[in-house]
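Report on the following structure.
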Amino acid sequence: MKLSMANEKKLFEITSHPLSADEVVGRLADPAIGAAIAFVGVVRGETDGRPVLCLEYEAYPEMAEQTLRQIGVEICQHWKTVREIAIVHRVGRLDVGEASVVIAVSAAHRSEIFDAVRYAVDRLKEIAPIWKREVWTDGAEWRSEA
Amino acid sequence: MKINVKLFAALREELDKREFVQELPQGATLGSLVERVGSKYPVVRAHLSSLHFAVNHKYTTLEAVLQEGDEVAFLPPVGGG
């Protein structure tokens with residue numbers, strides 16, 4: 001296990017810039033890795049049968065980045081073959097089809113990365129101080145799975 | 001002592017403010033801060049059962065004792081991902 005420190009590539013980030021799965025996976029680059037997986041959360045165009053115009057994401061950035069890092073630590077403690085993790089979440093106004101989050105996990109071999117990335121998505125949705133406001137044609141609402 | 005309160009999402013919208021400073025007696029708990037803010041802003045009181053709280057970026061329970069300059073965030077139900 002290795003988790004990069006703050007002065008190396010930023011692995012746990014809240015950003016307002018558009019996301020690229022390739023770019024986030026690229027942050028894990030390491031000759032030791034033989035497998036990497038990227039989960040991409042995408043803005044869906046419809047919820048409860050209602051067309052969505054856009055989503056607006058808001059974060060408590062300092063706490064959110066710490067929480068994302070904490071999720072990385074939990075993963076490395078549980079899945080020992082995982083080499084590196086990156087979690088990058090976007091905030092601001094996102095249109096349908098845009099990526100809201102990219103979670104990348106790498107390892108020498110693939111066996112544990114699928115479970116690890118699933119855990120990361122579930123855990124982010126549970127504890128990260130990030131909020132989503134859904135906007136449709138005749139209103140808007142803050143949505144949570146909690 | 002002065003506590004920096006930060007608001008997010010629905011609370012931030014409904015109170016139309018991102019943050020404010022709350023005066024509290026020395027040794028006050030997070031619970032007493034929540035009580036005081038709830039009585040000042042009925043909309044906070046209305047949301048109380050669904051809120052979580054963080055002190056200096058860490059989830060914290062109501063028994064915690066606050067210090068001068070602490071940053072306390074009132075966190076509505078999260079929706080990241």
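Quick notes on this one:
- The residues of chain A present an accessible area of 50 Å² per residue when probed at 1.4 Å with all protein chains retained.
- Degrees, to the nearest 10: A:61-78 long Cα axis against longest axis of chain A: 40 degrees
- Size descriptors for chain A: radius of gyration and Dmax over Cα atoms are 15.6, 51 Å.
- Given charges at beta-carbon only (K, R positive; D, E negative), |dipole| of segment A:82-146 in Debye: 180 debye
- When accessible surface is computed with a 1.4 Å probe, chains B and A are found to bury approximately 1800 Å² between them, both chains counted.
- For segment A:29-34, 3J(HN,Hα) computed residue by residue from phi via the Karplus equation (6.51, -1.76, 1.60; θ = phi - 60°) reads 3, 5, x, 6, 8, x Hz, glycine and proline entered as x.
- Based on C-alpha pairs under 8 angstrom that are at least 6 apart in sequence, chain A has a relative contact order of 35 percent.
- Residues losing 40 Å² or more accessible surface upon assembly, segment B:39-81, compared with the chain by itself, 1.4 Å: B:HIS57, B:TYR59, B:PRO77, B:VAL78, B:GLY79, B:GLY80, B:GLY81
- Counted over chain B with a bin width of 5 Å, the fraction of Cα pairs per bin, in whole percents, is 3, 15, 29, 29, 16, 5, 1, 0.
- For segment A:4-80, relative contact order (Cα pairs under 8 Å, six or more residues apart, normalised by length) works out to 35 percent.
- Distance between the pseudo-spin-label points of A:GLU23 and B:MET1 (7 Å out from Cα toward the beta carbon): 4.2 nm.
- Straight-line reach from A:LYS9: taking Cα to Cα under 25 Å and skipping same-chain neighbours fewer than 8 places apart, the lysines in range are A:LYS80, A:LYS125, B:LYS58.
- Structural descriptor for chain B: relative contact order 41 percent, calculated from alpha carbon pairs under 8 angstrom and at least 6 residues apart.
- Taking the Cα centre of the protein assembly as shown as origin and assigning +1 to Lys and Arg Cβ atoms and -1 to Asp and Glu Cβ atoms, the resulting dipole is close to 280 debye.
- Solvent-accessible area assigned to carbon and sulfur over chain B amounts to 52 percent, based on a 1.4 Å probe.
- Listing of segment A:126-146 residues, each with accessible area lower by at least 50 Å² in the full protein assembly than in the chain alone (probe 1.4 Å): A:TRP131, A:TRP142
- Pair A:THR81, A:HIS109: separation of 7 Å Cα→Cβ label points (nm): 0.5 nm
The values are calculated or read from the model by the stated rules, or taken from the named source; none is laboratory data. What you are looking at is a predicted structure, and each value in this text was computed from that prediction instead of being measured. Heads up, the Cβs are rebuilt from the backbone with ideal geometry, glycines too, and the neighbour counts pull from every protein chain shown. Please note that ligands, DNA and RNA were not included when accessible areas were found on the heavy atoms of the full protein model with its side chains. Shrake-Rupley method; radii C 1.70, N 1.55, O 1.52, S 1.80 Å.
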